[in-house]
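S.K.: Please see the structure below; I have some questions.
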């Protein structure tokens, strides 16, 4: 399944397979001033569960000091990329993804742009 949505200046495209959902997004360069990165929120409608997707990279200023390889919320340590894959998707599930562009310093990033979300089966 493929879907694309735009909210404000942020455009997100999702491609869902059986076990993986690939998300790619774009934000005009003029809107990237002060951009810390992107946070991704996922809602699993089958389990009524909602989480911020996690990654291994952290900002030095907010590094919690845990061992390398530990997972950290993208809400606190935003992804500094324009694509992300969710490898924890389960077959036959319906998900909503929301990508948020976070602006500000790594210590005080704020949600400035949001995508309304994409549903996948």
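The values are calculated or read from the model by the stated rules, or taken from the named source; none is laboratory data. On a predicted model such as this, the values are computed, not experimentally measured, just so you know. For neighbour counting, all protein chains shown are included, and Cβ atoms are generated from backbone atoms with ideal geometry for every residue, glycine included.
S.K.: Any idea which residue in the range 46-69 is farthest from residue 104 (Cα to Cα), counting only those that are modelled with pLDDT of 95 or more and surrounded by 14 or more Cβ atoms within 10 Å (Cβ to Cβ)?
M.R.: The qualifying residue farthest from residue 104 (Cα to Cα) is 51.
S.K.: Please work out if residue 37 is on the phi < 0 side of the Ramachandran plot, crowded, with 16+ Cβ neighbours inside 10 Å, in contact with a strand residue (DSSP E or B) (Cβ under 8 Å, 6 or more places away or on another chain) and in a strand (DSSP E or B). Spell out how you get there, then give the answer.
M.R.: Details: on the phi < 0 side of the Ramachandran plot: no; crowded, with 16+ Cβ neighbours inside 10 Å: yes; in contact with a strand residue (DSSP E or B) (Cβ under 8 Å, 6 or more places away or on another chain): yes; in a strand (DSSP E or B): yes.
No, not satisfied.
S.K.: So which of 87, 95 ends up being crowded, with 18+ Cβ neighbours inside 10 Å, within 19 Å of residue 51 (Cβ to Cβ) and either over 10 Å from the mean Cα position of the chain (by Cα) or at pLDDT below 95 (or both)? Before the answer, list the steps.
M.R.: Numbers: 87 fails: crowded, with 18+ Cβ neighbours inside 10 Å.
One residue alone meets the criteria, 95.
S.K.: Determine whether residue 75 is part of a loop (DSSP other than H, G, I, E, B) and either buried (at least 17 other Cβ atoms within 10 Å of the Cβ) or modelled with pLDDT of 95 or more (or both). Explain how you work it out, then say what you get.
M.R.: Working: part of a loop (DSSP other than H, G, I, E, B): yes; either buried (at least 17 other Cβ atoms within 10 Å of the Cβ) or modelled with pLDDT of 95 or more (or both): yes.
In short, yes.
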